[in-house]
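**Q** One structure is given below, represented as structure tokens, and several questions about it will come after.
The values are calculated or read from the model by the stated rules, or taken from the named source; none is laboratory data. Note that the coordinates shown come from a computational prediction; the quantities given were computed from them, not determined experimentally. Methodologically, a virtual Cβ is constructed for each residue, glycine included, from the backbone with ideal geometry; neighbour enumeration extends over all protein chains shown.
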Number of protein chains: 2
Amino acid sequence: MKKLSLFVILVLAFSCAEKKESSNTELGLTTEEKKDSTNIKHLFNTALMEGQSYEWLRDLTSNIGGRLSGSPEAQKAVEWGERLMKEVGLDSVWLQPVMVPHWVRGEKEVANYSVNGQKKNVPICALGFSIATPKNGVTAEVIEVQGLKEAEALGEKMRGKIVFFNRPFDNTLINTFRAYGGCVGQRVRGAAVCGKYGAKGVIVRSMTNGVDDYPHTGTMSYGNIPKEEYIPTAAISSRAANILSDDLKKNPNLKFYFKQSCKTLPDAPSFNVVGEIKGYETPENIMVVGGHLDSWDLGDGAHDDGTGVVQSLEVAYLFKKNDIKPKNTLRVVFFMNEENGTRGAKEYARLAKLHKETHIGGLESDAGGHTPRGFSIDANASNTALLQSWKKLLSPYGLHDLDKGGSGADISPLKGEAVTLVGYRPDSQRYFDYHHTSTDTFDKVNKRELQLGSASMASIIYLMDKYLYNNTPVKP
Amino acid sequence: MKKLSLFVILVLAFSCAEKKESSNTELGLTTEEKKDSTNIKHLFNTALMEGQSYEWLRDLTSNIGGRLSGSPEAQKAVEWGERLMKEVGLDSVWLQPVMVPHWVRGEKEVANYSVNGQKKNVPICALGFSIATPKNGVTAEVIEVQGLKEAEALGEKMRGKIVFFNRPFDNTLINTFRAYGGCVGQRVRGAAVCGKYGAKGVIVRSMTNGVDDYPHTGTMSYGNIPKEEYIPTAAISSRAANILSDDLKKNPNLKFYFKQSCKTLPDAPSFNVVGEIKGYETPENIMVVGGHLDSWDLGDGAHDDGTGVVQSLEVAYLFKKNDIKPKNTLRVVFFMNEENGTRGAKEYARLAKLHKETHIGGLESDAGGHTPRGFSIDANASNTALLQSWKKLLSPYGLHDLDKGGSGADISPLKGEAVTLVGYRPDSQRYFDYHHTSTDTFDKVNKRELQLGSASMASIIYLMDKYLYNNTPVKP
């Protein structure tokens with residue numbers, strides 16, 4: 001009996017663990033909402049049992065890998081995307097030509113300094129759009145600052161020095177994207193600010209919550225300073241940043257050396273990959289769902305943004321598998337060049353305007369492939385309220401966050417009073433562990449989390465397609 | 001300008017990404033709730049900036065590792081726990097002696113079969129409490145079933161055979177613990193059911209959502225069948241289960257071989273580790289927070305339940321760091337033997353009753369160290385409603401789930417009409433990837449997710465300590 005009671009405990013523990021999931025979704029719903037609830041359940045079931053996104057992602061990340069704009073890998077990814085969209089059976093699939101920036105990293109970067117006769121190698125990587133150092137590298141004393149204002153205040157004091165931006169993420173912020181937002185300015189504009197005052201180079205603490213040994217790359221901009229003021233800039237790993245900061249306290253005159261051979265080549269031809277399922281009722285109205293096909297070169301672009309790409313296509317796949325036909329045209333877009341230029345996004349929006357297309361809604365997945373938390377909504381007040389009213393349909397799947405907020409860099413150029421833009425918001429805790437670094441690989445993606453994301457996206461697209469249509473948008 | 005606009009996009013994207021977190025937590029709150037909101041924010045800030053749980057867990061998992069009841073490692077874990085509680089500065093720390101089952105795995109298990117002249121090795125592991133096979137192993141034909149009912153229906157047909165329980169998790173269930181609950185019966189009772197009918201052995205598909213190469217162990221029970229009917233039972237990896245199932249379709253008479261040398265030794269002495277902060281107002285009322293110190297032997301017991309142990313102690317640490325003194329006595333318990341016997345839990349409850357202790361509440365963390373989702377509540381109606389009224393204070397931290405449900409195997413023996421028991425419920429998607437297998441190691445735990453869990457637990461304990469006290473419990 002003693003041992004049987006163990007089983008009883010187990011059964012009780014798990015059977016009581018929560019309300020039945022199926023009945024849970026049906027409480028207090030109207031007849032129409034019950035139908036929606038059933039359709040949403042089917043979308044989730046299909047994603048979890050027959051979803052393809054995980055294998056698509058394995059293929060993209062393992063067989064193509066990192067795919068920076070203008071690279072041969074980016075071109076392979078375009079061909080991969082076009083082929084896959086056709087395989088899924090979209091009504092039409094086409095490539096949208098766009099010229100993209102073509103920055104190349106060159107040889108592996110080198111950095112080091114010596115303290116007390118001990119040479120320390122430092123993991124660094126050039127930031128996207130940075131110029132190279134002179135052939136023999138840059139060697140200079142280091143001034144540490146915590147941000148752009150502190151750097152500006154230094155003014156001429158930084159002439160001939162390397163400026164070291166070392167503001168860490170504010171780890172008390174629950175949403176790690178906010179911590180990123182509070183730091184990324186030093187990465188993007190550090191070299192522009194310091195180039196003006198004759199600094200020899202800029203090194204920036206990697207954008208991550210943790211302390212690790214990987215430099216995290218990302219884009220930067222020289223803004224409108226003259227070319228002769230351009231200086232090379234690189235990210236250094238967060239652990240190396242901590243060590244350098246400590247060493248500077250004891251050895252303020254230490255000389256830091258770094259060398260990189262990156263360069264910006266002429267713009268290269270590339271493509272957005274676009275496919276659509278024609279709407280059966282108002283095909284002239286378009287709903288777009290997308291992620292970006294390009295990635296940084298250091299890892300395999302798994303979470304950024306391989307997951308967004310495969311989830312976007314899986315939305316169409318889940319519709320087809322469940323024989324859900326959209327009223328409006330559902331368009332899947334793999335945007336090119338989100339990471340360093342958003343040229344694909346701009347070109348997509350330019351052509352939409354040129355061809356007088358009516359976009360009624362958009363959904364972007366570019367915040368990683370982690371467990372679903374919700375969506376952020378960029379829409380007029382009535383459509384925002386409409387989307388928030390779906391909480392009861394979405395919360396059984398862990399989708400509680402339906403706050404106003406931005407959608408994403410690729411669909412935001414479509415913004416307009418009558419356009420409802422939505423950003424998929426998975427859990428953000430692990431995202432910056434891998435962001436823009438060599439560890440952003442397939443093994444960091446959990447199959448169920450990815451599939452749940454596809455289903456979450458398909459569910460809100462299903463609701464937007466059905467109800468935005470009836471909810472006459474406010475015309476300005 | 002083109003490049004500066006990139007920066008503008010970045011800034012907009014992230015600053016608009018969500019409402020400000022601080023003001024978000026203050027909307028529509030009473031003065032007292034604002035105070036609570038501030039205290040909760042402090043608990044989170046401290047966990048994220050000065051939390052110790054991650055390093056404690058590294059120490060436990062890396063320097064001690066797996067710690068099955070009765071093992072030398074379990075004894076080391078007891079000493080580790082006692083030392084750590086003292087280091088944190090609890091008012092008193094003591095060991096609560098308890099005799100625990102002492103099952104040992106013995107030599108690494110072996111299993112294989114041949115089809116078409118090809119020998120296939122099969123990853124298996126003995127289930128906890130299983131007997132050994134005869135010295136030369138067991139060889140027999142295999143009958144595959146999908147669960148206990150189907151096995152019962154076979155009756156005498158299974159005599160001399162190996163019964164293969166192969167019901168997979170229902171992956172359409174969003175909460176993976178429910179999928180576990182739907183399958184674990186075959187693991188726990190399979191051998192008892194088949195022993196009765198003279199089967200030679202039982203092999204069970206591993207309890208996991210995925211398809212992997214790791215056998216996942218776990219407890220089983222022979223129930224009250226006579227000893228002579230005991231048969232050996234083992235888990236086989238989910239991938240091997242799929243392959244075996246396929247092979248059986250083509251080769252129904254294939255002979256499966258397995259060998260294991262596990263045995264149950266006499267009960268061994270062990271301990272619960274208990275520490276407390278005395279309540280300043282009603283020290284006679286006790287709130288317990290705990291996890292289990294023992295683990296299975298295959299991995300390092302990181303998610304099961306190292307995370308629960310270090311989070312429970314971190315609750316006390318966060319109280320002390322923030323100078324929050326509990327009104328009631330806050331007791332931290334590292335329970336022994338949750339995995340195969342719950343003897344520690346039973347002994348703790350027995351002593352509580354014997355000493356006429358008044359437990360007003362309890363919180364258990366034994367569902368992994370993943371990102372926080374909420375709590376399940378096992379309490380009377382008024383206390384359940386009270387806890388659910390804290391949603392506005394907890395939801396800014398992603399704690400949306402406050403449903404009625406079980407608490408956990410270690411605190412449920414304290415259940416009573418006046419006792420509010422709560423189970424910490426982190427996201428469940430990844431839990432069964434590691435559960436009871438060799439991959440349950442430190443590297444699978446994310447630092448922020450762990451810390452957020454500690455803070456979530458500290459927050460609900462803070463609220464329970466403050467308000468349960470005023471909320472006169474219903475006496476039966």
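**Q** How many of the residues making up region A:209-251 are within 25 Å of the chain's Cα centre (by Cα), surrounded by fewer than 16 Cβ atoms within 10 Å (Cβ to Cβ) and more than 14 Å from every other protein chain (Cβ to nearest Cβ)?
**A** Summing the residues that are within 25 Å of the chain's Cα centre (by Cα), surrounded by fewer than 16 Cβ atoms within 10 Å (Cβ to Cβ) and more than 14 Å from every other protein chain (Cβ to nearest Cβ) in region A:209-251 gives 1.
**Q** Would you say A:Ala240 is out of contact with any Gly (no Cβ under 6 Å at 6 or more places or on another chain) and of a type in the set (Gly, Ala, Ser)?
**A** So A:Ala240 passes the test.
**Q** I'd like to know if region A:25-39 contains one or more residues that are modelled with pLDDT under 95, in contact with a Pro (Cβ under 9 Å, 6 or more places away or on another chain) and under 26 Å from A:Ile324 (Cβ atoms).
**A** yes
**Q** Given B:Leu414, B:Leu386, which one is under 24 Å from B:Phe44 (Cα atoms) and away from chain A (no Cβ under 12 Å)?
**A** Going through B:Leu414, B:Leu386 in turn, the sole match is B:Leu386.
**Q** Could you list, in sequence order, the residues of region A:89-112 that are part of a strand (DSSP E or B) and buried (at least 22 other Cβ atoms within 10 Å of the Cβ)?
**A** Matches in region A:89-112: A:Val98, A:Val100, A:Pro101, A:Trp103, A:Ala111.
**Q** Criterion first (touching a Lys or Arg at 6+ places or on another chain (Cβ under 9 Å) and crowded, with 24+ Cβ neighbours inside 10 Å) does B:Gln429 satisfy it?
**A** Yes; evaluated as a whole, the condition is true for this residue.
**Q** Oh, and also: Taking the residues in region B:144-162 that are hydrophobic (A, V, I, L, M, F, W, C) and within 20 Å of B:Ala234 (Cβ to Cβ) as candidates, determine which candidate is nearest to the chain's Cα centre (by Cα).
**A** Checked region B:144-162; the qualifying residue nearest to the chain's Cα centre (by Cα) is B:Leu148.
**Q** OK, next. Cβ contacts < 7 Å: first residue touching a residue at least 60 places away in the same chain (Cβ under 8 Å) and buried (at least 24 other Cβ atoms within 10 Å of the Cβ), restricted to region B:321-336; second residue basic (Lys, Arg) and in a loop (DSSP other than H, G, I, E, B), any location; separation 6+ or different chain. Result?
**A** Nothing qualifies.
**Q** Spot the failing condition for B:Tyr467; the list is (1) of a type outside the set (Gly, Ala, Ser); (2) within 12 Å of chain A (Cβ to nearest Cβ); (3) surrounded by fewer than 24 Cβ atoms within 10 Å (Cβ to Cβ); (4) under 20 Å from B:Asn328 (Cα atoms), and only one is missed.
**A** The single condition B:Tyr467 does not satisfy is (2).
**Q** Got at least one residue in region A:432-448 being more than 14 Å from chain B (Cβ to nearest Cβ), closer than 20 Å to A:Trp56 by Cβ and surrounded by 24 or more Cβ atoms within 10 Å (Cβ to Cβ)?
**A** yes
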